[in-house]
Every structure is written in C-alpha cells, then in structure tokens.
Amino acid sequence: MQLYSTKNTSTRVSFKEAVFNSMPQDKGLYMPVNIPRLDDKFLNNLDGYTLPEIAFHVAKNLIGDDIPDNDLKAIINDAISFLAPVVKLEDNVYVLELWHGPSLAFKDFGARFMSRVMSYFLEQGEKQLDVLVATSGDTGGAVALGFLGVPNTRVTILYPKNKVSDIQELQLTTNGQNIRAVEVDGTFDDCQALVKQAFTDDELKAKFRLTSANSINIARLIPQTFYYFNAYAQLLKRGISKVIFSVPSGNFGNIGAGLLAWKMGLPVEHFIAATNANDAVPEYLKSGIYQPKPSVATLSNAMDVGDPSNWVRIADLFKNDMDDLKNLVTGYRYDDDETLKAIKFINDDYNYVACPHTAIAWQALKDWQQDNLQADTAGVFLSTAHPCKFPDVFPKNIADKIDVPEQVEELEKKEKHATALGKDFNGFKRYLLENN
C-alpha cells in the first residue's frame, strides 16, 4: 500500500511508515494512492459474509501485501471480536449500534485494529513507541484499552478539563501500566493542537518515536469502513439494497470512513453529516466557505470539534469538487435543546435510549427523510456510544432505563490519575521530556 500527503500528492510512503508517523511533516494527512473498487460479486453478496470476513476482504484490498493474509486475518479476528448490529426502529429507520466493544464506543473498531497493527510492525529491540492521542471523549478510552499492556508502547492521552463525562474520564485515567492521562485546561482543539505540534518539534522527534492514535492515523480510518459494509450486509439479508447513513460527526473520521467505503464501491445513496453547535462543515456545505471556529462545549461532547482534522481527507476524496460533494453529503446541526428533544422523542416513540450523539444523528435522518421521500430506501443512523457514558444528560425517567454494563461499575471503584497542564506547548513539551 502506497500513500501520499494531502498537501503533496507526489509523496510516497509505505503503510508501515504512515502508521508509525501518523502525519506527514508537511502537516497534511496520508491518503491511499490507489483506492480499489471492490468487485460486484463481493458487494452483491455481502450478506453471505461474517463481519471478520468482510473486514479481511476490505483491509486486504486496501493494504495489499504489506501484511500477509494469515497475519491480517489474525489481527482482525483479535481486534474485531464483537458485533455491530443493525436494529430496526420503524419502517426505513434503523440504528447501527457501534458500542458493543470493550470501551462502549465506536472508536473500538479503529483503536483495537490500529494497536494490533502497530504491535505487529514493531520489531524486537526497536525504540519504544510513544503514542500521543487527543480525545474529546471516546477516543481516549478506546485507545487506552486497545493499547493496554501492549509491549514496547506507551500512550499519553490528552483530554480537556471538565469537558468529558465522568465515565469517559475514568476510562482515560484509571488504567495505569503503559497508559497515562493529561488533563488540559482548554478545549479538544487545544489538545489536538498540542499533539500535532509535538510531531513537528525537532527535539521531541529526536528523543521519542512518536505516533498518533487519533483519526489522523490511517490505521484508524481503515477499520471504520468495516461496519459500513457490514451494515449493508445486514440490510441485504432483509431484502434492502438502498441505504443512506446519518453519521454524528466531530472530527469527521467516522463519516470519512463511510465515504472511503463508498469510494470502494459500497452502494450508498446519500450521507448525512450531523453535528452539534460545532458546525463548520454544515456551514461550508451551505455557503461554500470553510471557516473553522473555536470549539464550544455541548451535551454531545465527543463532537465538540471546531476544526475537524479529517475534513481535508474528505475534500481530497472529492478533489475539492463542491458540487460532487454536496450531491452526496448533506449537513445538519442541532443545539443542546434540540438534542434533548430528540432523546425524548426516541425514548417515547421507540422505547429506546440514545446517547446525545446518536440522538443528533437520528434527528438529522428524520429531517432529511421529511425533505427527501424515498420509500424504498433504508435510513441508518449511527449509534456511537453506550448511553451509560452520559448519565447526567438524561431525565431521570430515561436514565433509570439504562442498563449499566459490569465494566462501568468496576470503573467507578477505581482512582483517577492524571497530570494537570495548561494549553501552552512549552508546558506539554517539558512534561514529555521530564517524564521519559
């Protein structure tokens, strides 16, 4: 697999190099030189394959010979060891539940696959791999569990102070071993900026072998395509061959993976990018002007991203053709009041409890369907996190319905360990150098 930088299309690096370096020095993002279109026989018969079989076929076509078949199958079988069911709520409204992994969030797909790929490529005697990751909520927990105990790796998770839920914070700060947490007095965008600046700092690059576990890493993006193909396979079993996806969107890695799946031939009719008040992309889709903004805190905290990193990948997929992009992607944004109303509607209408991110995706799907009546097309909204991770969001009558998994109850017995830092890079750099 060969990859190029979105800022220099003549760049060529291997999959291994892109995985370990995460971000090119020109501060672009890596993209595949060739995006293969999967053959029609496979696509038309997806319903005959299991999730691991689909994942292997997709990954093999993208990665090529960089990982031998048997090793790639072993990585996938170990990483993707849980289901992602499509649940029918009403005619043409389905929810894709992506929170059945160990951290109870969709990020488990990317984090577990990436950690195992990195472990596979790490050779005995090599310098320790230092993984830096910024999180707005769910990424950190998934990465922590994905890398926990992986030999010759150390993970540093940066999260914004008072802007993640209590359970999310426990998932970041109670692991020990090779996982450490940094509580940044700022926003997710500040955390993300610290990580990106670390990758271009000459002194840190000389001292550490740095990589990222954010969705800027191509190894996070590839496995997120798996559940789009698998969702389509589940619909085919029900006799449905037309689908639109509504995706709760923050850093735009999730919908970016869906668009990559579409580029590989998955027959998706339309994508909906559903955001909270951090609406740089919906505004761009309306005005044609991309204007990043400082992020603002919302109830759907994992989507509190003012300048989504993966937007450059999406623009690259469409070669900056605004018309093609708008034909396939529609953006919607919702504030906290609208999010709470959506949570209540979902509970009242379906007796289903949705986390705030999921509720936004549902509302966007319903609004799109109202404007675009397509009786033979299934609308699938992505449920990205278990509702138990956001207990303070729900009214008591809804909160009482939430089944709290055993691993969360165990978390609440553990003690938090985090280092408090400001958002200045010099402070973060000093922390890394002094805590080697």
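The values are calculated or read from the model by the stated rules, or taken from the named source; none is laboratory data. Owing to the predicted nature of the structure, the values given are computational and were not obtained by experimental measurement. Heads up, the Cβs are rebuilt from the backbone with ideal geometry, glycines too, and the neighbour counts pull from every protein chain shown. These area figures cover heavy atoms from the full protein model, side chains too; ligands, DNA and RNA do not enter into them. Shrake-Rupley method; radii C 1.70, N 1.55, O 1.52, S 1.80 Å.
A few remarks follow.
- Gyration tensor verdict on the chain (Cα atoms; rounded if a/c is under 1.5, prolate if a/b is larger than b/c, oblate otherwise): rounded
- Prolate/oblate/rounded call for segment 257-298, Cα gyration tensor, a/c under 1.5 rounded: prolate
- Spacing of the two label points (7 Å from each Cα toward its C-beta) at ALA375 and ASN436, in nm: 7.0
- Amide H partners (placed H, <5 Å) of LYS7, local residues excluded: GLY28, LEU29
- When the Gaussian network model of the chain links Cα atoms closer than 10 Å, the mean-square fluctuations of SER309, SER287, SER295 top out at SER287.
- Mean shadow area of segment 254-325 over all directions, Cα convex hull, nm²: 5.0
- Note on the chain: with a GNM built from Cα contacts shorter than 10 Å, the maximum mean-square fluctuation among GLN369, GLN192, GLN171 falls on GLN369.
- Segment 339-353-segment 411-436 distance, computed between alpha-carbon centres (Å): 38
- Its DSSP H runs of at least 4 residues, each contributing -39,500 (n - 2.57), put the calculated 222 nm mean residue ellipticity of the chain at -12500 deg cm²/dmol, to the nearest 500.
- Out-of-range pairs (alpha-carbon distance over 31 Å; input LYS196/LYS341; LYS7/LYS242; LYS161/LYS396; LYS107/LYS286; LYS163/LYS263; LYS293/LYS326): LYS196/LYS341; LYS7/LYS242; LYS163/LYS263
- In plain terms, the chain is cut at each of the GluC sites (Glu not before Pro) found in a DSSP loop with at most 16 other Cβ atoms within 10 Å, and the longest leftover piece is 127-411.
- Accessible surface of the chain, 1.4 Å probe: 45 percent of it comes from carbon and sulfur atoms.
- Segment 18-177 shape via C-alpha gyration tensor axes, a/c threshold 1.5: oblate
- Exposed trypsin sites (Lys or Arg not before Pro) absent - longest run of the chain, DSSP non-H/G/I/E/B, at most 13 other C-beta within 10 Å: 128-236
- Accessible area in square angstrom per residue, the chain, 1.4 angstrom probe: 39
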